[in-house]
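**Student:** Take this structure first; my questions come after.
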Amino acid sequence: MTAFSLEPAQLAWCAELRTLAAERLHPLADKGEPGHVNRALVAELGSLGLLGRLFTSGALDLCLMRESLAYACTEAETALALQGLGAHPVHAYGTEAQRARWLPLVTAGTAIAAFALSEPGAGSDAAALELRAEAEAETDASQAGRSSDAPAPTVDTSLTAAPDGPARWRLTGEKCWISNAPEADFYTVFARTTPGAGARGVTAFLVPADRPGLTGRGLDMLSPHPIGALDFDAVPVTADDVLGEADRGFRVAMGTLNLFRPSVGAFAVGMAQAALDATLAHTAGRDAFGGKLRDLQAVSHQVAEMALRTEAARLMVHAAASAYDAADPDVPRRSAMAKLLATETAQYVVDTAVQLHGARALQRGHLLEHLYREVRAPRIYEGASEVQRGIIAKELYARQEAR
């Protein structure tokens, strides 16, 4: 198998996933409440064994799952992807105790995971995040015996051990635009443990949703999937909650995003293919100007362009995923290219499909009306298109300078 062709078994598996999505997952998605976690849908993904594959399969398999599910049920695709995004840091960087506690529940679909990186002032610029992780021992000592008008001392918040045990911090600040918030059961949270250190001073924490001081609220967004904001009011965490190493959390974030960015592209390709197939059926059957819509060159050439761009995006997604599975050092550039091309392509294809369908595609409940709302967000989350271009350029110049 190469990045440019799939084996018969893979093609059969994709067809099976599309059937499962249409027959078993879509009915559950229809019963869900927009903007809220659909736990019945997540549980069904678990019972089908799809959530378990998030931790046993490679990047290409993840892309095939996401494209196939997106083709028939975007809600199921999103539910699966969010479980993977939130739990992958636990799988890849967590301790044995962390993995044993949470991964079986995620795999079964009985615990909801979330990836909490973005903030009101640090979306695309993730290294600028401001959620503070203040060392508890130092903070407590600074409060004792200090008058209210005395200036606060400078606190070194990195790896300070409390007298009675491991390092402890208090998380204070806000996260925003977090998928599955505020209904998740645990969050992978990125917080600043060393002020002024940029990406080098961030730590990843596994934070259960029932920690005192952690609250949240849902946000009313264009896309119907659950997304919200989180408020941290001195939320306690310890060294036992750290994912990876203290002050090395940005590595956890980027490692996760390098895996999931090509599969965001796969999600986009699935939506583009659904829009293309709907357009083929519509233009072949629609009477217009004494013939069928497909007989008009202005229409048929647009359909050809839709197909061309969709297939090109699919190939780049498969190539990027295969590079990840092969541990290619060029993964950041390839992942960025795949996400960029595929999400921009899907926007074009869905928009063109709406245009060729006419007013019927704008009616609530029409497939294209649904896809039109879904397709916009992937160009922003997990790194906006502009960020992907920046990554690509940075990697290209780094290679050029290394020669």
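**Student:** So what J values fall out for the range 225-242 if you push phi through Karplus, 6.51 cos²θ - 1.76 cosθ + 1.60 with θ = phi - 60°, rounded to Hz, Gly and Pro as x?
**Tutor:** 7, x, 8, x, 10, 10, 10, 10, 10, 6, 6, x, 9, 10, 4, 5, 9, 6
**Student:** When DSSP beta bridges are limited to those with both residues in the chain, what percentage is antiparallel, rounded to the nearest 5?
**Tutor:** Given both bridge residues lie in the chain, the antiparallel proportion sits at roughly 85 percent.
**Student:** If you don't mind, another one. Starting at the first residue of the range 215-224, write each ³J(HN,Hα) from the Karplus equation 6.51 cos²θ - 1.76 cosθ + 1.60 with θ = phi - 60°, in whole Hz, x for Gly and Pro.
**Tutor:** Working through the residues one at a time gives 10, x, 8, x, 10, 8, 10, 4, 7, x Hz.
**Student:** Normalised by the residues of the range 246-319, what does the relative contact order come to in percent, with Cα pairs under 8 Å and at least six apart?
**Tutor:** 36
**Student:** Then there is this: Filter the DSSP H helices in the chain by two things, a Kyte-Doolittle mean of at least -0.5 and an axial alpha-carbon span of 27 angstrom or more, and list the hits by number. Walk me through the numbers on the way to the answer.
**Tutor:** Values: long enough: 74-93 (29 Å, 0.13); 249-285 (54 Å, 0.73); 297-325 (42 Å, 0.13); 331-357 (38 Å, 0.12).
Qualifying helices: 74-93, 249-285, 297-325, 331-357.
**Student:** Where a ≥ b ≥ c are the square roots of the eigenvalues of the C-alpha gyration tensor, would you call the range 1-95 rounded, which needs a/c under 1.5, or, failing that, prolate if a/b is larger than b/c, or oblate?
**Tutor:** Since a/c reaches 1.5 but b/c is at least a/b, the shape of the range 1-95 is classed as oblate.
**Student:** As an exercise, use a Förster radius of 25 Å and the Cβ-Cβ distance of Ala12 and Leu280 to find the FRET efficiency, rounded to the nearest 0.05.
**Tutor:** Result of the calculation: an efficiency of 0.65.
**Student:** Length gain on complete extension for the stretch Ala197 to Thr110, per 0.36 nm per residue less the alpha carbon to alpha carbon distance?
**Tutor:** Length difference between fully extended and current span is 27.6 nm.
**Student:** Now a separate question. For His36 and Thr56 in the same chain, what is the full-extension length gain: residue separation times 0.36 nm, less their Cα-Cα distance, in nm?
**Tutor:** Numbers: separation 20, 0.36 × 20 = 7.20 nm, distance 2.77 nm.
Computed gain between His36 and Thr56 is 4.4 nm.
**Student:** Can you classify the range 346-397 as rounded, prolate or oblate using the Cα gyration tensor, where a ≥ b ≥ c are the square roots of its eigenvalues, rounded means a/c under 1.5, and otherwise it's prolate if a/b beats b/c and oblate if not?
**Tutor:** Values: a/c = 6.06, a/b = 2.81, b/c = 2.15.
Verdict is prolate for the range 346-397.
**Student:** What do you get for Rg/Rh of the range 194-293 when both radii come from the Cα atoms and Rh is the Kirkwood radius?
**Tutor:** Reported Rg/Rh, Kirkwood definition of Rh: 1.25.
**Student:** If you don't mind, there's one more thing I want to ask. Over the chain, consider all pairs of different Cα atoms and compute the Kirkwood hydrodynamic radius from their mean reciprocal separation; express it in Å, one decimal.
**Tutor:** Computed over the chain, the radius equals 22.3 Å.
**Student:** Out of residues 5 or more away from Ala167 or on other chains, whose amide H comes under 5 Å of its own, with H placed 1.01 Å from N in the peptide plane?
**Tutor:** Excluding prolines and chain starts, which carry no amide H, the hits are Ala162, Ala239.
**Student:** What value, in deg cm²/dmol to 500, does the helix sum -39500 (n - 2.57) over DSSP H runs of n ≥ 4 give at 222 nm once divided by the residues of the chain?
**Tutor:** Rounded to the nearest 500, the figure is -17000 deg cm²/dmol.
**Student:** OK, next. Once a ≥ b ≥ c are taken as the square roots of the eigenvalues of the Cα gyration tensor of the range 251-402, is the result rounded (a/c under 1.5), prolate (a/b larger than b/c) or oblate (a/b not larger than b/c)?
**Tutor:** Here the range 251-402 falls in the prolate category.
**Student:** To continue, here is another question. Using the beta-carbon distance between Ala288 and Ala312 and R0 = 22 Å, what value does 1/(1 + (r/R0)^6) give for FRET efficiency, to the nearest 0.05?
**Tutor:** Values: r = 29 Å, r/R0 = 1.32.
Approximately 0.15, to the nearest 0.05.
**Student:** Using the Karplus curve 6.51 cos²θ - 1.76 cosθ + 1.60 with θ = phi - 60°, work out ³J(HN,Hα) for each residue of the range 111-116 in order, rounded to whole Hz, and write x for Gly and Pro.
**Tutor:** 10, 9, 9, 8, 10, 10
**Student:** What is the spin-label model distance, in nm, from Leu396 to Arg364 if the labels are put 7 Å beyond Cα along the C-beta direction?
**Tutor:** Each label point lies 7 Å from its Cα, and together they span 4.5 nm.
**Student:** Another question about this same structure. Take the Cα radius of gyration of the range 1-49 and divide it by 2.2 N^0.38 Å, with N its residue count; two decimals is plenty.
**Tutor:** Numbers: Rg = 14.1 Å, N = 49, 2.2 N^0.38 = 9.7 Å.
The range 1-49 yields a ratio of 1.46.
**Student:** Normalising by the residue count of the chain, find the relative contact order in percent from Cα pairs under 8 Å and 6+ residues apart.
**Tutor:** 16
Read the figures in this text as sums done on the coordinates, not as results from a lab. A quick note: this is a predicted structure, and the numbers were derived from the prediction, not measured. FYI the Cβ positions are ideal-geometry reconstructions off the backbone, even for glycines, and counts take in every protein chain you see.
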